[in-house]
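Readers should treat all values here as calculations from the given coordinates under stated rules, not as data from a laboratory. What you are looking at is a predicted structure, and each value in this text was computed from that prediction instead of being measured. Neighbour counts run over all protein chains shown; Cβ positions are idealised from the backbone, glycine included.
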Amino acid sequence: MFRAALVGAAVTLGCIIVPIVHFVTAIPSPLIGGYMAGARSACTQGQAVLIGLLMAVFLTIPAAVAVLGVALFADLSLSFVATFTAGVVFWVFAGGTVGAALGGASARRSAIG
């Protein structure tokens, strides 16, 4: 479960970091990463929530660093940074959970049939 969530977080971060591609893949990146993690582990619905939570935990520090970097140049307040980072973490949790649930269901369905 831990490694699957780590793969999902890496895929999510990769979809966001790659230049030019991130214009298309940044918004659905937690869903894509969660799907890869769920398909890799053939997770159940309950495990999908754990994968989404672990993905959010893994990406908390990179999100905070990125937002802090922008805040230094744009002169944004610390409360904005904290709020935006919390929003990104929730977005990764929600997208990762849904993606993992879909990927797990797909993996289990293809294993049966």
Is it the case that some residue within the range 88-104 is over 12 Å from Ala9 (Cα atoms), buried (at least 16 other Cβ atoms within 10 Å of the Cβ) and without any contact (Cβ under 8 Å) to a residue 24 or more places away in the chain? no
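Please verify whether Thr44 is surrounded by fewer than 18 Cβ atoms within 10 Å (Cβ to Cβ) and farther than 14 Å from Gly99 by Cα, treating the condition exactly as stated.
no
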Which is β-branched (Val, Ile, Thr), crowded, with 16+ Cβ neighbours inside 10 Å and in a helix (DSSP H, G or I), of Val7, Val24? Val7
